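Heads up, the thing below is written out as structure tokens.
The values are calculated or read from the model by the stated rules, or taken from the named source; none is laboratory data. Keep in mind it's a predicted model, so treat the numbers as computed, not measured. Ideal geometry is used to build each Cβ from the backbone, glycine not excepted, and the neighbour counts take in all protein chains shown. Heads up: the accessible areas ignore ligands, DNA and RNA and are worked out on the full protein's heavy atoms, side chains in. Shrake-Rupley method; radii C 1.70, N 1.55, O 1.52, S 1.80 Å.
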Amino acid sequence: MPTPLIAGNWKMNTTIQEAAQLAGHLRGSLGGVSGVEVVLCPPYVSLSEVAMALQGSAIKVGAQNMHYEDKGAFTGEVSPQMLLGLCQYVILGHSERRRDFAETDAIVNRKVRKALASGLHPILCVGELLADRQAGREEAVVSASLRASLEDVAVPRSLVVAYEPVWAIGTGLAATSAQAQAMCALIRRLLAQQFGAEEARATRVLYGGSVTPANIKEFASQPDIDGGLVGGASLNAQQFTEIVRTTASARPQGRPA
Ligand code: PEP
């Protein structure tokens, strides 16, 4: 079983100074926690300060996006080459990027392939809209999105997939643990079809969408959920610390080691 992972997506929040302070605080409060990998994903401009604040600790750093080219005429964009050395992870295909910046599965696929080729660990987000779930299409939508996002990916080593139902993000309306488990199990089956059972077992599949200290235990104890992608609660040091600590002590049921 892979080590669970809790990633904090700070989105477009925190000044550079606030980001360094939050990272420093979490470094202290999470110092003694083992058995969980922790990744902080601040805005680009704070990556360097956050990386410095975490230097020598076990906490990793991630970006919230990247371009699929290494350099060129892409005003305002940030390339994988620029991220290397600053962070180890990169969130790709977050629903806010898909919704507000017209990112398609094809674009996300180019980014995933580029991140893997560059040595960055992608945290690939997939999830259905409320209308999809209401129409009973959640499995079809997530399957199609995952397949397209992973097209031509040969070895998923270092890939993380986050199931994030769009209706649960930032709404306070988390999925039930049964809904999340069912979708994460589906994702693992699809990973097994493409990469084989062993790779699928070793790939972390996270749940994201209104994760809090109160509900993380339910999610983290599901057999196919290997941790969480946390938005709002990751900006609160106390809540995020509790989420990580609870994950460290949660025992997934029914999953072979
Ligand atoms: C997210 O931004 O990926 C997310 C899951 O946000 P929240 O935890 O606030 O729902």
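Some observations on this one:
- Label point distance in nm, LEU129-ASP70, each placed 7 Å from Cα along Cα→Cβ: 3.8
- Full-extension gain in nm, ALA58 to ALA148, via 0.36 nm per residue minus C-alpha separation: 29.1 nm
- Among beta bridges from DSSP that stay inside the range 5-249, the antiparallel ones total about 0%.
- Choice from GLN193, GLN181, GLN21 showing the highest fluctuation, given a GNM over the chain with Cα pairs closer than 10 Å: GLN193
- Our note on the geometry: Cα centres of the range 50-88 and the range 210-239, 24 Å apart.
- ALA197-GLN238 FRET efficiency (beta carbon distance; Förster radius 35 Å; 0.05 resolution): 0.35
- In this entry, the chain is assigned a mean projected area of 12.6 nm², taken as a quarter of its C-alpha convex hull surface.
- The chain - percent of accessible surface contributed by carbon and sulfur, probe 1.4 Å: 52
- Qualifying lysines (Cα of each under 30 Å from Cα of LYS217; at least 8 residues distant if same chain): LYS11, LYS60
- For the range 32-172, a/c is not less than 1.5, where a ≥ b ≥ c are the root eigenvalues of the C-alpha gyration tensor, and a/b tops b/c. That puts it in the prolate class.
- Translational D in µm²/s for the range 159-245 (Stokes-Einstein at 25 °C, 0.890 mPa s, Kirkwood Rh from C-alpha pairs): 188
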